[in-house]
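A quick write-up on the structure given underneath.
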C-alpha cells in the first residue's frame, strides 16, 4: 500500500490549490518596496508571527529527521524541542532591541552595535549555514518523502527522490520569490493547521496500530522514554560522567548526545537559533511593534512543544511496530538482520507510517501536512537568504539601486540558493541521520554568533575589536571541525586512530561546541578590555547599559499580566514534560 489512492490525490490537489490561491492573493498585494517584500510592511499580527515562526521551524528536519531520531534514540532529542523557552528570551530580552533599532536583518543589528565588518561576516556565515543546513536538508527531506510514497516514479533518468526534491522547491521558490515575507507568513499560517492536523492523525492511527500507549512502552522499552538517558557509543557506561572502560574519558569518542552535552551545550545552539537567526527573527521583525512581536514569540513557544508528541512519539511508534512485526513492510524497512534498527532507513519512519498505517483519504491529508512542512521551512529560508544577500551585500555594492531593483535581486538570490543547496545533498546522504547532521553543523557555527549578540546586549563595554575577534576565532574553529568531519560523512574514509585529526573528529560534537563557546567569551572580553571602549552615544538603546528612560517606559508599556502569566505557564509545562519523561 505504498502508493496513494485517487481520493488522496484529490485531497493533495485541494491543498495545493488553497496554497496557490492564498499565495496569488498575497502576491497581488503591494510588494514594491523592501519593507513590503522583506518584512511584510511590518504589519504582521501576533497570530501570524507565532504560526509563521512555528511553521518555519517545524519543517522537513522534523518530519523526516526528528521522527527518524525518535525511532533510533527515543525521546532524548526532545531536549531540543523543549528549548521553547528560548523563544521567551527572544520576546522578553532580545526583541525589544531589534524592534527599537528598526533593522531588516540580524547582521544589520551587529553593524549598529559593533561595526560594518561584523555585519558582513555574519551575513556570509548565515548564508553558508543556510546552504549547509536548512536549504539542502529541506530538499533532501522532500526527496525522502516522495521516494517512500511514490517509489516507482521516474523521469529522464531521475528517481522519485530527485523528482520530489525538485517539485517541492520549484513550487515553493515560485511563490516565495514573487510574494516575499507576506506570502511566506500567510501561507505558513494555513500550513501550520494542516501540519498539526496531519501529525495528530499519524499519532492516533499509529497508537491504534500498536495497541495503545501501554503497549507502546512495553514493546519499545522504557529506556526509549527517558529524557536523561545518556546516548553514548556502544560499550560506554551510562553514568553522570560518561566513561569508557575504567579510566578513559568518554569525550575522546564520537557518540551523539551525552546528557552533559544536552544540558550545557544544546542551549547554546537553541539560543542562537531562536534569538539571533535571521530565519526565525525575521518573522518577529515583521510585527508592527514590540507588543505584537513578543506575543507572537509566546504563541510560537507553546506551539513548539507539540513536536515532542507529533514527531518523536510517532518515531517511537514506527520502531515499536517494526520491532513487533505488526506491519511486515515497516519491519523489513527498519529492522536489520541482527534485530537492530537500521539508522539510515529510520529517516523514512514518518512517511512509512503514512503509507502503511493510515486509511485512504486521511493519508492524503497527512501527505498534504508533509508537503506543508517541507514547503514552509523552505519558503522561510528562501526569504531569509534573499533578505541577507540583498540588504547586507548587494545594497552595499550598489547603494543607488531602486527599491524595485532590490526586490528583484532578492528574487534572483532565492533561485541561486536553491541551486547551491542541490549540490550539497550528497554530503547529507552520507551522514548518520538527518537530524544528527543538522545539529552537528549548527553546533559548530552557532557559538560565536550567539556570544557577540547576547553579551553585546548585556555589556556595553564590549567593542567591535572584541566582537570581530570572537567571530573570527569561533568561526575558524567551527569550520575547521566541519572540514575534518565532511570526508568522514561522505563515507569510505576514516582517520588513523590516535592522530590529531582523528581526535578532533571523534570529540562529542556538543563538547566541541561548548569549547568554541568558552573560547569566544574569553576572546571577546579579553580583546575588548585591552582596547578602547565603544562610543556609548553611538550605541544608545542597543545595550541595557545605554537605554534611555523613554526606551524603558515604552518597553514596559508593551506587556501586561497576561504576557507574564502565559510565559510562566509555558515554563511550568516544560518542567512537567521533563519530569514525566524521566
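The values are calculated or read from the model by the stated rules, or taken from the named source; none is laboratory data. Owing to the predicted nature of the structure, the values given are computational and were not obtained by experimental measurement. Cβ sites come from the backbone with ideal geometry, for glycine too, and all protein chains shown count toward neighbours.
Annotations
- Identity of the residue in the range 554-563, assigned to a helix (DSSP H, G or I) and surrounded by 12 or more Cβ atoms within 10 Å (Cβ to Cβ), that ends up nearest to the chain's Cα centre (by Cα): 563
- All positions within the range 341-385 that are surrounded by 23 or more Cβ atoms within 10 Å (Cβ to Cβ), at pLDDT 75 or above and not in a helix (DSSP H, G or I): 348, 357, 358
- Scanning the range 100-112 for residues that are modelled with pLDDT under 90 and either surrounded by fewer than 24 Cβ atoms within 10 Å (Cβ to Cβ) or assigned to a helix (DSSP H, G or I) (or both) returns 100, 101, 102, 103, 104, 106, 107, 108.
- Of note, residue 451 satisfies the criterion of being assigned to a helix (DSSP H, G or I) and more than 20 Å from residue 134 (Cβ to Cβ).
- Selection within the range 521-533 - within 19 Å of residue 111 (Cβ to Cβ) and under 34 Å from the mean Cα position of the chain (by Cα): 524, 527, 528
- If the condition is being crowded, with 24+ Cβ neighbours inside 10 Å and outside any helix (DSSP H, G or I), then the range 285-318 contributes 286, 287.
- Residue within the range 415-426 that is surrounded by 17 or more Cβ atoms within 10 Å (Cβ to Cβ), in contact with a helix residue (DSSP H, G or I) (Cβ under 6 Å, 6 or more places away or on another chain) and either modelled with pLDDT of 95 or more or within 20 Å of residue 106 (Cβ to Cβ) (or both) present: yes
- Scoring residue 510 on the criteria (1) at pLDDT 90 or above; (2) touching a strand residue (DSSP E or B) at 6+ places or on another chain (Cβ under 9 Å) leaves a single failure, condition (1).
- All conditions in (1) within 22 Å of residue 109 (Cα to Cα); (2) at pLDDT below 80 hold for residue 336, with the sole exception of (1).
- Considered as a group, the residues in the range 531-553 that are part of a helix (DSSP H, G or I) and in contact (Cβ under 8 Å) with a residue 60 or more places away in the chain include one that is surrounded by the fewest Cβ atoms within 10 Å (Cβ to Cβ), and that residue is 545.
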